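Notes follow once the structure below has been shown.
The values are calculated or read from the model by the stated rules, or taken from the named source; none is laboratory data. Note that the coordinates shown come from a computational prediction; the quantities given were computed from them, not determined experimentally. Positions of Cβ are generated from backbone atoms using ideal geometry, with glycine treated the same way; all protein chains shown enter the neighbour counts. Keep in mind that these areas ignore ligands, DNA and RNA; they rest on the heavy atoms of the full protein, side chains included. Shrake-Rupley method; radii C 1.70, N 1.55, O 1.52, S 1.80 Å.
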Amino acid sequence: MLTSSTGSSSDALGNVLDTSSSKGLSASGRNTALFDPESAYRMMSVINYDEVSYKAQFSEMSQMKSWLSEMQQDAQSLGGISLTSSDDSIRASLQTFTDQYNAWVKRFDADMQSGSLLADTQAAQVSRYELEQSVENMFNGASDGLHGLRDLGLTIDPYSNLATLDSTRLDAVLASNKQGVVDTVQQFSANFAKSAELLNSDGNFIPKRLNNLSRAIAYIEDNKSSLQAEFGLGDAAKPSGLVAQALAAYQQMSGKTDSSH
């Protein structure tokens with residue numbers, strides 16, 4: 001995993017740098033003065049890969065942070081529903097939120113797949129899980145005899161993770177218990193917005209992950225020349241697909257050109 005490799009690589013590199021000195025690199029980019037230049041070269045290859053991966057992750061996690069802020073606002077807007085709201089307006093508001101929620105899921109779904117950019121990133125996985133649990137919370141509307149948004153027809157498919165709104169079911173509840181619908185939606189609005197806010201709060205999952213990535217990136221950038229002189233150039237990282245796209249977004253965001261690939 002990327003997180004563990006950062007810490008172990010940093011410690012090992014720091015120890016070796018303290019006890020050895022560079023004698024120059026061969027034409028193949030290896031330091032032949034070392035006892036095992038090939039192992040050192042492979043370690044530098046890993047660092048080159050990690051640098052690209054960390055930057056791509058930083059870009060995607062920054063995007064997730066932004067999307068969470070938008071989801072917080074989307075949920076808060078549902079709190080404006082009241083008994084004076086028309087059935088059409090309530091239906092439209094819930095459908096809009098459903099569409100917004102699905103856009104969030106689709107935006108990061110590929111990143112979350114096994115072996116992909118954020119598959120092993122706890123901050124990303126927890127964020128998706130927490131928001132899904134908030135949508136499926138059965139206690140919203142309990143005082144009105146309802147069991148969350150599912151009783152209003154808004155459910156999440158366990159395979160696609162996408163939400164759907166059954167307007168026929170919603171209309172039936174609006175006809176029989178409009179006060180319950182309003183209370184359920186208002187409670188959900190407040191709880192979902194709070195969940196999104198907490199995930200983005202200082203010291204919590206996403207800001208903490210971004211901070212760790214930022215420090216790892218800075219460490220590699222600040223020490224890369226000395227690391228390469230000591231251990232060899234390593235194979236250049238060759239990002240493709242989602243990683244290449246996220247890396248390009250990172251370079252645009254940071255205003256830098258990448259020299260690691």
Rounded to whole Hz, the Karplus (6.51, -1.76, 1.60) HN-Hα couplings of segment 224-233, x for glycine and proline: 4, 4, 5, 5, 5, 5, 7, 10, x, 6
Report, to the nearest 10°, how far helix 167-199 tilts away from the longest principal axis of the Cα atoms in the chain, using its own Cα long axis and a range of 0 to 90°. 30
Arrange the peptides 71-83, 50-62 so that the one whose residues have, on average, the most other Cβ atoms within 10 Å appears first. 50-62, 71-83
Cut-off 15 Å between beta-carbons: net charge of the residues surrounding Trp67, Lys and Arg +1, Asp and Glu -1: -4
When only Cα pairs under 8 Å and 6 or more residues apart are kept, what is the percent relative contact order across the chain? 34
Whole-Hz Karplus couplings 3J(HN,Hα) for segment 60-75, θ = phi - 60° and coefficients 6.51, -1.76, 1.60, Gly and Pro as x, run 5, 5, 5, 5, 5, 4, 5, 5, 5, 4, 5, 5, 4, 5, 4, 5
Counting only protein heavy atoms, what percent of the accessible surface of the chain is carbon or sulfur at a 1.4 Å probe? 50
If a/c stays under 1.5 just call it rounded; otherwise compare a/b with b/c (prolate if a/b is bigger, oblate if not). Do that for the chain, with a ≥ b ≥ c from the square roots of the Cα gyration tensor eigenvalues. prolate
³J(HN,Hα), Karplus 6.51/-1.76/1.60, whole Hz, each residue of segment 123-133, x for Gly, Pro: 4, 6, 5, 5, 4, 5, 4, 5, 5, 5, 5
In Å², what does the accessible area per residue of the chain work out to with a 1.4 Å probe? 49
